[in-house]
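Asks: Before anything else, here's the structure in question.
The values are calculated or read from the model by the stated rules, or taken from the named source; none is laboratory data. Keep in mind that what you see is a predicted model, and the values were worked out from it rather than measured. Just the protein is used for accessible areas: all its heavy atoms, side chains included, with ligands, DNA and RNA removed. Shrake-Rupley method; radii C 1.70, N 1.55, O 1.52, S 1.80 Å.
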Amino acid sequence: MQHAANEHDEGVRTLKIRSLSLRSYRIHRHLTVEFDERLTLIGGPNETGKSTLVEALHRGLFLKGNVTGEAQKEMFSRFHAAAPEVEIVFEAEGRSYRLLKRFAGSSGSTRLSCDDGSTRSGDDAERCLNELLRVEAIGGGRNLGERTTQQWSHLWVWQGSASTDPTPHVDRQFDALSARLQHLAGGAVLRSALDAQVVQATS
């Protein structure tokens, strides 16, 4: 597991994920993983929940706590009766945050606590989280799980798709970043000759 970098108005900002805790999430009754400062390797036999860790981390960051439908049902455990919970401790913009999402359908919840003592909940917490992650809210509707995987798609390797080209999803994020840079700069975003060569080589 490596730390995520995302674009910020004042330069590149690093988001550091410190820990992930799961409760009643699929195969995991209660599991906490503390991530190393540089690199964490997770190993184990098949069907022991390794890919589930990545999925839970991703959905904790990008799915609303009160999500309904198939995306929410997929997180439920066949072994544990309680609603799935994902808790993530991370650092962003020089502060430490604790995110807790309880995926209980329409009665699900989101709480985001900061080391300055402030706590946000519900939609307010979701908006603040999206601002920290620099992403747009996905909303609801069909294929929500699939659309969620497109958030920061360059950072994730999903089981069974390691050989799949991620650039179609990244293109949407690149376009959004280009538009943001144009807005900030008040003009066009220029590509270097090397940029053009890379684009041509990968087209």
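Asks: Dividing the Cα convex hull volume of the range 28-124 by residue count, how many Å³ per residue is that?
Replies: 116
Asks: Let me ask another. Would you list Glu91, Glu85, Glu47 from the most to the least accessible area, probe 1.4 Å?
Replies: Glu47, Glu91, Glu85
Asks: Could you please put Lys64, Lys73, Lys16, Lys101 in sequence from largest to smallest accessible area, using a 1.4 Å probe?
Replies: These residues rank, largest area first, as Lys73, Lys64, Lys16, Lys101.
Asks: Apply the Karplus parameterisation 6.51 cos²θ - 1.76 cosθ + 1.60, with θ equal to phi minus 60°, to every residue of the range 118-133 and state each ³J(HN,Hα) to the nearest whole Hz, in sequence, with x for glycine and proline.
Replies: Values, residue by residue: 7, 9, 10, 9, x, 4, 5, 5, 5, 5, 5, 4, 4, 5, 5, 7 Hz.
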